[in-house]
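These notes concern the structure reproduced below.
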Amino acid sequence: MTAELRKLEDFKSTSRLCDRVPPYRSMRILHLISSVGLFGAERVAVELSKSLKKTYHCEPILGVIRNVYNPHEEISEEAVRNDIPYTIFTCRSQLDLQLVFSVRKFIKTNRVDVIHCHGYKSNFYGLLASKGQVPSVTTNHNWLTAHWKLKAYCFSTAYGSDSSIGL
């Protein structure tokens, strides 16, 4: 056994996340994203889903937050082209608590093991929905900003999630 495989086996045996997933099924990861087109963050979510599915035999699901006033579903079309399951969550206002309950219900019903949120809107709703349910990962795709609101967002997601990534 190589050193890399040994490290992976050690990680699997000590990871609380891997202990949550029954050995007879793949890990289900909900990638939650609010999209205004098919740009960098959306491509990262799709490519990550493809890679997780192919390399690690995970079950990625793209969760697209659809704004009823400015709907963009290009990422769901990209998911279809890449054979990635997706679901659409409707967002009716800037603060839509029904969206939190919809995501939470989806997590329970579909036995999601991890939620990976991409962007400030999905981080906000995804972290609220996942609290006490499943581990969360956030990816901040615009972390080099100077605006104080986005700096506050970066700070809150870094301390509100189980793991945070800056791109």
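The values are calculated or read from the model by the stated rules, or taken from the named source; none is laboratory data. Everything quoted here is computed from the prediction, not taken from an experiment. Cβ sites come from the backbone with ideal geometry, for glycine too, and all protein chains shown count toward neighbours.
To keep it simple, each residue is scored yes or no on (1) over 17 Å from I115 (Cβ atoms); (2) crowded, with 19+ Cβ neighbours inside 10 Å; (3) at pLDDT below 90; (4) of a type in the set (S, T, N, Q).
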position: E59; (1), (2), (3), (4): no, yes, no, no
position: G63; (1), (2), (3), (4): no, yes, no, no
position: V68; (1), (2), (3), (4): yes, no, yes, no
position: I75; (1), (2), (3), (4): no, yes, yes, no
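The residue that is farthest from L30 (Cα to Cα), counting only those in region 83-142 that are among the β-branched types (V, I, T) and part of a helix (DSSP H, G or I), is V100. Within region 87-105, residues that are hydrophobic (A, V, I, L, M, F, W, C) sit with their Cβ atoms under 8 Å from residues that are assigned to a loop (DSSP other than H, G, I, E, B), at 6+ positions apart or across chains, in these pairs: I88/E73; C91/V68; L99/R92. Does region 64-74 contain any residue that is in a strand (DSSP E or B), in contact (Cβ under 8 Å) with a residue 40 or more places away in the chain and within 19 Å of T139 (Cα to Cα)? Yes, because at least one residue in region 64-74 is in a strand (DSSP E or B), in contact (Cβ under 8 Å) with a residue 40 or more places away in the chain and within 19 Å of T139 (Cα to Cα).
Checking every residue in region 85-101 against the condition of being among the basic types (K, R) and surrounded by 15 or more Cβ atoms within 10 Å (Cβ to Cβ) gives zero matches. What about S102, is it within 19 Å of V46 (Cβ to Cβ) and in contact with a Phe, Trp or Tyr (Cβ under 6 Å, 6 or more places away or on another chain)? So S102 does not fit the description; no.
Please verify whether L52 is within 17 Å of T139 (Cα to Cα) and modelled with pLDDT under 80, treating the condition exactly as stated. When the stated conditions are applied, L52 does not pass them.
Here is a yes/no grid of residues against (1) farther than 19 Å from F89 by Cα; (2) under 12 Å from the mean Cα position of the chain (by Cα):
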residue	(1), (2)
R25	yes, no
S35	no, no
F39	yes, no
E42	no, yes
A45	no, yes
S49	no, yes
K53	yes, no
G63	no, yes
